[in-house]
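> I have a structure here, written as structure tokens, and I will follow up with some questions on it.
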Amino acid sequence: MADKLCPRCGTEGKKVNQKTVKSLVEKKVKDSDSYQICINSDCEVVYFNNPESIIYSTSDLQVKVWFKDLDDDSVPVCYCSNLTRAEIKEAVINGYTTPTEIRKYTGKTITGNCLIENPAGKCCHQAFVKEIARYSSKDNC
Ligand SMILES: [Zn+2]
């Protein structure tokens, strides 16, 4: 069980495919099935592997991580298309409120490479919907 906790912040990690880690970390990554991702936005650890005592931080990755840099508009939300937070914001302001509409509006329609392009190693859809909600609510302007 302790294997699942981020060594820096103690948040429970989520299992991540080693293909994702290998694709995004700039250093040589050791073969292992035990990589976890730390989803705590305040923690700089992205991947950890407790059995192997390995930690990769945001600075070890080739890309910015959407759930770590919440206030950086240049961060991609959809990595397959390099569709950024700023582009989503702009599309929402222009009245587009679903991922499909926003993809059409921005012309960024490439999907399907999440395993090797997205730091979470999974589809961006949920994150995409959350970002739209963030910019759709007028209360926190
Ligand atoms: Zn952490």
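> Quick one: which residues, 5+ away or cross-chain, put their amide H under 5 Å from the amide H of Val16? H built at 1.01 Å from N.
Tyr35, Gln36, Ile37
> Under 16 Å Cα to Cα from Lys19, which lysines show up? Leave out anything in the same chain fewer than 8 places away.
The reachable lysines, counting only those whose Cα sits under 16 Å from Lys19, are Lys27, Lys28, Lys30, Lys122.
> Hey, another quick one. Rounded to the nearest 20 debye, what is the charge dipole size of segment 11-51 about its Cα centre when +1 sits on each Lys and Arg Cβ and -1 on each Asp and Glu Cβ?
On the way: 7 positive and 6 negative charges, 52 e Å.
Roughly 240 debye, rounded to the nearest 20.
> Quick one: order Thr98, Thr58, Thr106, Thr84 by neighbouring beta-carbon count within 10 Å, fewest to most. Don't jump to the answer; show the numbers that get you there.
Values: Thr98 12, Thr58 15, Thr106 18, Thr84 21.
Least crowded to most crowded, the residues run Thr98, Thr58, Thr106, Thr84.
> Between the alpha-carbon centers of segment 22-49 and segment 54-86, tell me the distance in whole angstrom.
Cα centroid to Cα centroid, the span is 13 Å.
> Also, I was wondering about something else. Show me the helices of the chain, taken as full DSSP H stretches, that run 15 Å or more along their long axis by Cα and average -1.0 or above in Kyte-Doolittle hydropathy.
On the way: long enough: 125-136 (16 Å, -0.47).
Within the chain the helices that satisfy the rule are 125-136.
> Counting residues in the chain as N, plug N into 2.2 N^0.38 Å and put the Cα Rg over that result.
Working: Rg = 15.9 Å, N = 141, 2.2 N^0.38 = 14.4 Å.
Compared with the compact-globule rule of thumb, the chain sits at 1.10.
> How large is the dipole of the chain about the Cα centre if only Lys and Arg carry +1 and Asp and Glu carry -1, each at its Cβ, rounded to the nearest 20 debye? List each step's numbers first, then the result.
Working: 20 positive and 19 negative charges, 71 e Å.
For the chain, the charge dipole is close to 340 debye.
> Along the Cα-to-Cβ line of Lys28, 7 Å from the Cα, sits a label point; which residues in segment 43-57 have backbone N less than 18 Å from it?
Those under the cut-off are 52-56.
> For segment 76-136, report the % of Cα-Cα distances exceeding 14 Å.
Counting every Cα pair in segment 76-136, those more than 14 Å apart make up 46 percent.
> What net charge do the residues around Val75 carry, taking every other residue with its C-beta under 14 Å from that of Val75, with Lys and Arg at +1 and Asp and Glu at -1?
Values: positive: Lys64, Lys68, Arg85, Lys89, Lys130, Arg134; negative: Asp69, Asp71, Asp72, Asp73, Glu87, Glu117, Glu131.
In short, -1.
We did not get these values from a lab; they are worked out from the coordinates using the rules stated. Predicted model, so just to flag it, every value in this text is computed and none were measured. Note that each Cβ is placed from the backbone with ideal geometry, even for glycine, and that neighbours are counted across all protein chains shown.
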